[in-house]
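The values are calculated or read from the model by the stated rules, or taken from the named source; none is laboratory data. The structure displayed is predicted, hence computed values, not measured ones. Note that we place each Cβ from the backbone using ideal geometry, even for glycine, and neighbour counts take in every protein chain shown.
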Amino acid sequence: MFPPRSFVAGALVLVLVVTPTVASAAAPAAAGRIKIVSGSVSVVRANAVLPAKAGQVLFEADTLRTGADGRVGVTLNDDTRVSLGPGSEARLDQFLYAPAEGRLALVLNIVHGLVAYVSGRIAKLSPDAVKLETPNAIVGVRGTTLALRVDE
C-alpha cells in the first residue's frame, strides 16, 4: 500500500526547505575583495588559476600571484589592507571575522616577494589572532603598518 498523499507532500516540502540550508552552510564566506589590479595578477583557487580583477571576491585559501609587472591591492572584511608588488605570492591560509562570537583569525602566508600590510579590526580586537608567515619566520602583528620582502 502507498503512503497517504499528504505524507508524501509533507516529506517533499521538508526536503525542499532543508536542502538550501545545508547547501548554503557549505558555501565558503567571502574574506574580502580585490580593490586594485595592475599588470599580470592571478588568483589561485582550488587548483584553478583565475585572472584577477578589481571587485573580485577572495576566499580563505586563495593565493594571489603577481607577475613581473603586477601589483594588487586587497581589502579584507575587517578592513585589513594587503598589497603585493611585482613577482610576489601570498596565500590567505585563514580568515575568520566574527567579533560578536569572539572568533577572530588572520593567517597570511607570504611565499615570496614584496607585501605591504595595514592592520584591520582583527589586530585591534585580538592582536594574537594575526600572523604573517614567511618561509623562515612568523611575524606577530600588534596593530601596525609594515612592509615585508621575502626572497626565494
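Would it be correct to say that residue 68 is in a loop (DSSP other than H, G, I, E, B), surrounded by 13 or more Cβ atoms within 10 Å (Cβ to Cβ) and not acidic (Asp, Glu)?
Working: in a loop (DSSP other than H, G, I, E, B): yes; surrounded by 13 or more Cβ atoms within 10 Å (Cβ to Cβ): no; not acidic (Asp, Glu): yes.
Criteria not met by residue 68.
Do the conditions hold for residue 113, that is, is it on the phi > 0 side of the Ramachandran plot, surrounded by 16 or more Cβ atoms within 10 Å (Cβ to Cβ) and of a type outside the set (S, T, N, Q)? Don't jump to the end; show me each part of the working.
Working: on the phi > 0 side of the Ramachandran plot: yes; surrounded by 16 or more Cβ atoms within 10 Å (Cβ to Cβ): yes; of a type outside the set (S, T, N, Q): yes.
Considered against the rule, which asks whether it is on the phi > 0 side of the Ramachandran plot, surrounded by 16 or more Cβ atoms within 10 Å (Cβ to Cβ) and of a type outside the set (S, T, N, Q), residue 113 comes out as yes.
Specify which of the listed residues (72, 115) is modelled with pLDDT of 95 or more, in contact with a Gly (Cβ under 8 Å, 6 or more places away or on another chain) and closer than 24 Å to residue 39 by Cβ. Before you say what the answer is, go through the steps one by one.
Working: 72 fails: in contact with a Gly (Cβ under 8 Å, 6 or more places away or on another chain).
Result: 115 is the single residue among 72, 115 that is modelled with pLDDT of 95 or more, in contact with a Gly (Cβ under 8 Å, 6 or more places away or on another chain) and closer than 24 Å to residue 39 by Cβ.
This table checks each residue for (1) touching a helix residue (DSSP H, G or I) at 6+ places or on another chain (Cβ under 7 Å); (2) more than 20 Å from residue 138 (Cα to Cα).
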| site | (1), (2) |
| --- | --- |
| 45 | no, yes |
| 56 | no, yes |
| 67 | no, yes |
| 97 | yes, yes |
| 110 | no, no |
| 114 | no, no |
| 123 | no, no |
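Mind checking which residues of the range 36-45 are surrounded by 15 or more Cβ atoms within 10 Å (Cβ to Cβ) and either in contact with a Ser or Thr (Cβ under 6 Å, 6 or more places away or on another chain) or over 27 Å from residue 121 (Cβ atoms) (or both)?
40, 41, 42, 44
Give me the pairs: first residue in the range 104-121 and touching a residue at least 12 places away in the same chain (Cβ under 8 Å) and aromatic (Phe, Trp, Tyr), second residue surrounded by 17 or more Cβ atoms within 10 Å (Cβ to Cβ) and in a strand (DSSP E or B), beta-carbon distance under 7 Å, and six or more apart or on different chains, which are they?
Here the result reads 117/82; 117/132, each pair linking the range 104-121 to a residue that is surrounded by 17 or more Cβ atoms within 10 Å (Cβ to Cβ) and in a strand (DSSP E or B).
What do you reckon, is residue 145 among the hydroxyl-bearing types (Ser, Thr, Tyr) and surrounded by 17 or more Cβ atoms within 10 Å (Cβ to Cβ)?
Details: among the hydroxyl-bearing types (Ser, Thr, Tyr): yes; surrounded by 17 or more Cβ atoms within 10 Å (Cβ to Cβ): no.
In short, no.
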